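Presented below is the structure to which this report refers.
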Amino acid sequence: MLKQRIEALRVCLKEHNYRYYTLDAPIIPDAEYDRLLRQLESLETELGEPIPADSPTQTVGAIPSNTFRAREHTEALLSLANAFDESEVEAFEQRIADGLGEAFTQDTLFIIEPKVDGLAVNLRYERGNLTIAATRGDGRSGEDVTDNIRTIADIPWQMHSGEMTVPDLLEVRGEVYMSKTSFNALNTLQQANGAASFANPRNAAAGSLRQLDAKITAKRNLNFFAYGVGAGGRDLAASQSELLDLLHTFGFAVQETAMAKNSKELLARYQQLMLQREAMPYEIDGVVYKLNNFDMQQRLGAVARSPRWAIAHKFPAQEVVTTVNDIIWQVGRTGVITPVADMQPVAVGGVTVSRATLHNIDELQRKQVYAGARVIVRRAGDVIPEVVKAIDVDENAVFPALPEHCPVCAASLFRVEGEVAWRCSGGLSCSAQLKERLRHFVSRGAMDIEGLGDKLIAKLVDEGKLTDIANLYELDYQSLSAWQGMGEKKISNLYTAVEQSKTQTLARFLHALGIRHVGSATSAALATHFGSLDAIKLADEDALLAVPDVGPEVAASIRSFFSEAHNLNVIERLLEKGVSPQAPKIQLNSHPLSGKTIVLTGSFSAIQRRSAQEQLRALGVKPASSVSKNTDILIAGEKAGSKLKKAQELGIEIANEDQLLAWLDWQ
Ligand code: IVH
């Protein structure tokens, strides 16, 4: 049984090695590979039999493909053992201390280098000239990629020797990588050309280096960092830090390093780099700790595939594998039905994740997610965790279909033409939509009503106490006192918060209404521009388009919101209950026209009369339809008739369209 499991794991890992190293197209995340490898390691130990040399625990990479000529490295390229937590770093320090005995003191130095996420190459220099460049391959021999390597600007064709004599033969080792900028540019280009995009910079770098046409490699903008030497490097330097300086003098790019004396200092630097990771121009997947002194390194030697004097401390994986328990259909504020994966909790990118949105049915189908699926979950930086795709998709898998009806209120679903999303047609009679609308209405950037959390909203809706937003201002607070957890204090705080929200600003009120495409910034722009709810309600598309940031789609959405009877009714009831959105004061009081009674007459060419009227109203102007002694200004367009005459008779100030436009643009 144990033997069978070991054999199965070896076969599986060999396949993943082949996919990663030879095809540049891994199908599982690195963290999953590491997990499988560790599992194999521990099973092999448990079995206690000699481990065959070709076991993935004993080898590095995969045998080179035969597309490129195989090249034997003069000295084998090793790999690094991994540490995943602090205790493994402490154990590393302890092993070194034990191995070195008295030679290990408080002043023994470790050097810390970022672990670049690219691919290792071996560069052979003869009398200072680059002769052969090969990928790592299986560690003993790799693929000849010399022509492609020559396109990388960080790699000198001829080593810069300066005052020094360069060694007759020197193997320089390092990592070929692709910067984040080049990676994004490449993927944009791939997409524009209808070609598949690369999953990450490492794959992109590997794929680019293994091109048959070096012209293509040249366009990919690869980079290189040197971090070590092989044959010919024995007596060049006494330590890793000296070696890096020397390699730099020879013309190679090297990374910034730090020194440490113990695991505590190693871990402090690790934390620092983890914070800098996002902002770095290239991807790193961990930190490498190396004993700095070469004599000491030599005394410790290597085991199987990795040296004893170095270890890679990996960052929390940004991609992991977990299992989907179920697909849940959520109903959003605007009725959009969203599939959400409920998963076995898993740590990814430093947080534990158990839910991730699948956005829409199309995406769910593309990613082949179903209940029971094993999926890759990704979370990089601060971004929301996402399901990348399912792996090992079961032949008999049953993919969830879009529900036929709203999963909450059973109303039918519809799809707006040109949109991917399906929506519930229940509107506010769908309790899920209502709850979401209310949540949004009371939220921080909106009406900011404290004490009305998700649970209370859900209960108020479920108990029929809230049937729409306007209800909020006619709550029967008395009846709430019978509810558990609703003490007098809580109720009175809630009452105060609801009352106070009545004088919330116009911008927040608009945002709270939840008009599609109108977020807080657009709401603020609308409030400043129009100055009153009435003006916005009446504004036609042209008037709306005059607001900075408002494009045709937003304008249409605003118009459609205010032309729906139900919405107008809710707004009316809110106002009736005493909600009185506060207009931005600055504009109303400081505009030269505010407070004036103005009559418009004749026809205008650059602006529609109605739109002008609305905008004037927003500025605090009182528009009137006939001229009287109370009129402050008459704005006369072309073919103005009797009103102009009357204004002249009464000695009223008369302005033309140009002046009107100037006033409306007035800031
Ligand atoms: S030293 C014997 N230093 O990580 C030591 N490797 O997981 C050999 N890598 O094969 C490697 N950055 O491809 C070293 N600063 C660094 C590195 C680094 C990235 C890669 C390299 C290596 C792999 C091991």
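Just a few scattered comments:
- Checking the stated criteria, residue 399 turns out not to satisfy the condition of being under 18 Å from the mean Cα position of the chain (by Cα), touching a residue at least 12 places away in the same chain (Cβ under 8 Å) and surrounded by fewer than 21 Cβ atoms within 10 Å (Cβ to Cβ).
- Within the range 306-318, being closer than 30 Å to residue 380 by Cβ, hydrophobic (A, V, I, L, M, F, W, C) and within 9 Å of the ligand (Cβ to nearest atom) holds for 310, 312.
- Filter result for residue 203 (of a type outside the set (D, E, K, R) and within 16 Å of the ligand (Cβ to nearest atom)): yes
- Residue 71 assigned to a strand (DSSP E or B) and either more than 18 Å from residue 246 (Cα to Cα) or within 16 Å of the ligand (Cβ to nearest atom) (or both): yes
- When 202, 124 are screened for being surrounded by 21 or more Cβ atoms within 10 Å (Cβ to Cβ) and within 26 Å of the chain's Cα centre (by Cα), only 202 passes.
- Counted residues, the range 15-68 - those being acidic (Asp, Glu) and not in a helix (DSSP H, G or I): 3
- Residue among 64, 56, 52 that alone is more than 16 Å from the ligand (Cβ to nearest atom) and either modelled with pLDDT under 90 or of a type in the set (Gly, Ala, Ser) (or both): 52
- Of the candidates 576, 553, 614, the single residue that is acidic (Asp, Glu) and at pLDDT below 90 is 614.
- Top-ranked residue in the range 205-216 [being of a type outside the set (A, V, I, L, M) and surrounded by fewer than 23 Cβ atoms within 10 Å (Cβ to Cβ); ranked as farthest from residue 26 (Cα to Cα)]: 215
- Within the range 126-142, the residues that satisfy the criterion of being more than 16 Å from the ligand (Cβ to nearest atom) and either farther than 24 Å from residue 154 by Cβ or free of Cβ contacts under 8 Å to residues at least 60 places away in the same chain (or both) are 126, 127, 128, 129, 130, 131.
- For residue 535, the conditions (1) part of a loop (DSSP other than H, G, I, E, B); (2) farther than 28 Å from residue 467 by Cβ are fulfilled apart from (1).
- Listed by position, the strands (runs of 3 or more DSSP E) enclosed by the range 208-321 that each have at least 2 residues that are closer than 30 Å to residue 189 by Cα are 222-229, 284-291.
- The residue that is nearest to the ligand (Cβ to nearest atom), among those in the range 154-190 that are closer than 30 Å to residue 127 by Cβ and hydroxyl-bearing (Ser, Thr, Tyr), is 177.
- Put simply, of 523, 492 the only residue that is over 30 Å from residue 359 (Cβ atoms), among the small types (Gly, Ala, Ser) and assigned to a helix (DSSP H, G or I) is 492.
- For the range 263-293, filtered to residues that are surrounded by fewer than 16 Cβ atoms within 10 Å (Cβ to Cβ) and polar (S, T, N, Q), the residue that is farthest from the ligand (Cβ to nearest atom) is 271.
- Checking residue 303 against (1) exposed (fewer than 14 other Cβ atoms within 10 Å of the Cβ); (2) at pLDDT 95 or above; (3) within 13 Å of the ligand (Cβ to nearest atom), the condition it does not meet: (2)
- Any hit, the range 81-102, residues being of a type in the set (Gly, Ala, Ser), away from the ligand (no atom under 12 Å from the Cβ), touching a helix residue (DSSP H, G or I) at 6+ places or on another chain (Cβ under 6 Å) and farther than 29 Å from residue 24 by Cα: yes
- Criterion (at pLDDT 90 or above and assigned to a strand (DSSP E or B)) met by exactly one of 341, 371, 432: 341
- Some residue of the range 96-108 being surrounded by 18 or more Cβ atoms within 10 Å (Cβ to Cβ), in contact with a Ser or Thr (Cβ under 6 Å, 6 or more places away or on another chain) and more than 30 Å from residue 133 (Cβ to Cβ): no
- Candidates in the range 189-207 are the residues that are in contact with a helix residue (DSSP H, G or I) (Cβ under 7 Å, 6 or more places away or on another chain) and assigned to a helix (DSSP H, G or I); of these, the one that is nearest to residue 309 (Cα to Cα) is 201.
- Qualifying position, being of a type in the set (D, E, K, R) and either in contact with a Phe, Trp or Tyr (Cβ under 7 Å, 6 or more places away or on another chain) or buried (at least 18 other Cβ atoms within 10 Å of the Cβ) (or both), among 32, 46: 32
The values are calculated or read from the model by the stated rules, or taken from the named source; none is laboratory data. Everything numeric here is computed off the predicted structure, so don't read it as measured data. Counting neighbours? That spans all protein chains shown, and the Cβs are built from the backbone with ideal geometry, glycine included.
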